[in-house]
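Structure first, then comments.
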Amino acid sequence: MTDSTSRPRRWLVGCGIAAAAAVVMIVVLAAAFALFMKPKHAAGPADMAQPMMEMGMAPGAPPAAMDIPGAEGAMAGGAEAKTTGSAPLIGSVAHAAEARREIIYTAALTVEVDDVDAAVAEGQQAAKAAGGWLGGKTAQVNGEGNKTATVTIRVPSAKFEALMETLRDLGDLRSENTRAEDVTRQMVDLEARLKNLRREEEVVAELFKRQGKITDVLQVEQELSRVRGQIEQIQGELGYLRENVAWSTITLTVNPKPSKVEQQLRDWSAGYHVLNAWNTLVKVGRGIVTALIYFGIVLGPFIVVVALIVWAIRARRRGTQRPPS
């Protein structure tokens, strides 16, 4: 009697333990999945409020203590001029950058033609017709006697697109790379710094004209040389940028067309097929791993529950089939 009543109890206890284990596993998996898929906190305006660098220049303080007559008044007047002029000047940098666009265009293209020399001559003629000029030319001949030429063309930016269309039609286009670099803010900033430096130059030059101690005069002369050196540097940078904005650069490479045998060999590439097969293998592997992940997460808990129930039923059957002792 004791064995007959204890067996159902054991079976119920086993089923209860299996169900509890399945529930715990489902809860743990759900919590882990929710934690893994939780979106990251997006940085708001408060998180992104980084202190920004202020626009301005620090050319260095002019001579502080000088015994030159009228130096204090001249320096004060210069400081006032820079103070009253720099605020609207700095504030207008963004507005000036929006009002105009200074862009440097560069391009490189490669074409294949039947006659390299004729194509190069035609490209040079098209550049001259567009108001451009030849910046450089190189030519090479390989061991098979095939000639390759590279030409650098400078053309007005307004004729850049039109000349590119003409050069594309010289032969079969094999490659093209066009770049547009916006240097508007850089040029506006340099112009603002140049204007402030020229104002400072006027103040220091006025001090240099006045009489005073030799040490003070030498100090003013050093300051004047420093300011003028910065002015020349900025003028050089502005000149370089303005020239590249006004004149675009095109690098044209002209290659001979390959023979039929070379074309067939170039069209078939063992490396291409090896790479394509490898990419296909990677895609299949990713698909299998993805399927296993979904199978384990979605069906795993149910499989565990069913397995525990089957185990409990089989354990009960084995218990009922035991011969009475």
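None of the figures in this text is laboratory data; all of them are computed from the coordinates on show. Keep in mind it's a predicted model, so treat the numbers as computed, not measured. Quick reminder, even Gly has a Cβ in these numbers, built from the backbone with ideal geometry, and neighbours come from all protein chains shown.
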Net charge of neighbours whose Cβ lies under 14 Å from the Cβ of Glu176, counting Lys and Arg as +1 and Asp and Glu as -1: -2
Peptides ranked, highest mean first, by Cβ atoms within 10 Å: ranges 161-167, 179-185: 161-167, 179-185
Simple label model, 7 Å out from Cα along Cβ direction - Thr320 to Gln222, nm: 10.8 nm
Spacing of the two label points (7 Å from each Cα toward its C-beta) at Val274 and Leu134, in nm: 4.3 nm
Extension gain from Val284 to Thr148, taking 0.36 nm per residue of separation minus the Cα-Cα distance: 44.6 nm
Proximal charge balance of Arg242 [Cβ under 11 Å; K/R count +1, D/E count -1]: -4
